[in-house]
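First the structure, in the form of structure tokens, and then the observations on it.
The values are calculated or read from the model by the stated rules, or taken from the named source; none is laboratory data. Because the structure is a prediction, the values reported are computed rather than measured. Ideal geometry is used to build each Cβ from the backbone, glycine not excepted, and the neighbour counts take in all protein chains shown.
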Amino acid sequence: MIGWVLLALLGIDIALTGILGLLWRIGRVGVRAGVVRPLVKPLGAIALLGGFFAAIFWLSGFVTAFLFTLALMGIAAASLLPALGMDEFYDRLFPGLWACIRRELYRQFSTPIPWFVLFLFSVLCGVFFWGHLTTTSEITMRPVWQTVAFMGSFLFPLLTMGLFSRERSEGTIEVLMTAPVTSGSVTLAKFISTTVFYLVMLAPTLIYFGILRDLGLDIGKPDPGPTITSYIGLILSGMFYISMGLFCSALTSSQILAALLSWVFIILFFIAGALPSVMGLDGTEVGAVLEYIRPQEVHLLPFLKGVVDPKNVVFFLSFTAFFLFLAARAIETRKGR
């Protein structure tokens, strides 16, 4: 219950931030240029996305395609309005942030490596989902989400290895260092663009829920509640790994070395739980800390079971903020040279 309240408060805070920024935007450029024009541009993409998911849900028999499309359009419109204000709000806090985000989104969706990761992720998830259907009669998404989380954690270094390293190897980092933008804006823009691409990677996995919902429609499985919390956990853990990879990329000009550093960090977090017994630290405070920092077993698994615990939310968000701070400081240090 406390977890849901925390998430509700976070959503209200985001909405209020967007509304305040939207009012600033309207006051600066007016309703036509600040609201109407930006909303017209994504209508085609929203319609295409609505048709895609409507077809999935119609085939699964979960809800009528027409009602689902209307709901998706309403949610998209309601989300876009505060989103228009959020870029204005954060652009005042971080000058040049929105320009950096647009640049990074273009780079993220126009380079081959992210699309290769998307292809690899989709194929592997599809293979494991097919294996789950053929080897067990359980209608549950938990094994699928565990597989998605495990594979995703080792694919994130491929997404993040070139965020700063490629800039250095191509020489464009010098342009960023001399541009009138802060290191925090550049770091946050790269983080947001990669997170958006990660959401695109997760979107096709909704098909698995539709298939299982069709198979278990008579008994009401799988339960939508744990599915929603699983997506929350996957997004939070993804943000954690993206920020870690972003920090590693900020440390070196070699993309391969950045990926290796990310994998080293990931492996250390994975084996942290086994270190206390190996090092004879069972029952000590250091051992308790090592047990606590395991992202998969300790903090993600409750989400997959349908439990939203504030301490797990705080863990992912705090480590995400910590690695983003380190990445910004690493770039700031280079900028000052």
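The table that follows gives values for the structure above.
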read-out	value
Scan of segment 95-126 for residues that are touching a residue at least 60 places away in the same chain (Cβ under 8 Å) and under 23 Å from Phe209 (Cα atoms), ordered by number	Val117, Leu118, Phe121, Ser122, Cys125
Test: Trp145 is under 19 Å from the mean Cα position of the chain (by Cα) and assigned to a helix (DSSP H, G or I)	yes
Whichever residue in segment 257-276 is at pLDDT below 85 and in contact with a helix residue (DSSP H, G or I) (Cβ under 8 Å, 6 or more places away or on another chain) and, among such residues, is surrounded by the fewest Cβ atoms within 10 Å (Cβ to Cβ)	Leu275
Output for segment 112-137, where each listed residue is over 18 Å from the mean Cα position of the chain (by Cα), surrounded by 13 or more Cβ atoms within 10 Å (Cβ to Cβ) and closer than 17 Å to Leu155 by Cα	Leu124, Gly126, Phe128
Looking only at segment 206-256, and only at residues there that are touching a Phe, Trp or Tyr at 6+ places or on another chain (Cβ under 9 Å) and in a loop (DSSP other than H, G, I, E, B), the one that is modelled with the lowest pLDDT	Pro222
Identity of the residue in segment 57-111, of a type in the set (Val, Ile, Thr) and more than 21 Å from the chain's Cα centre (by Cα), that ends up modelled with the lowest pLDDT	Val63
Test result for Ile26, in the same structural domain as Ser185 (by TED's automatic domain parsing), modelled with pLDDT of 75 or more, surrounded by 11 or more Cβ atoms within 10 Å (Cβ to Cβ) and over 20 Å from Leu206 (Cβ atoms)	no
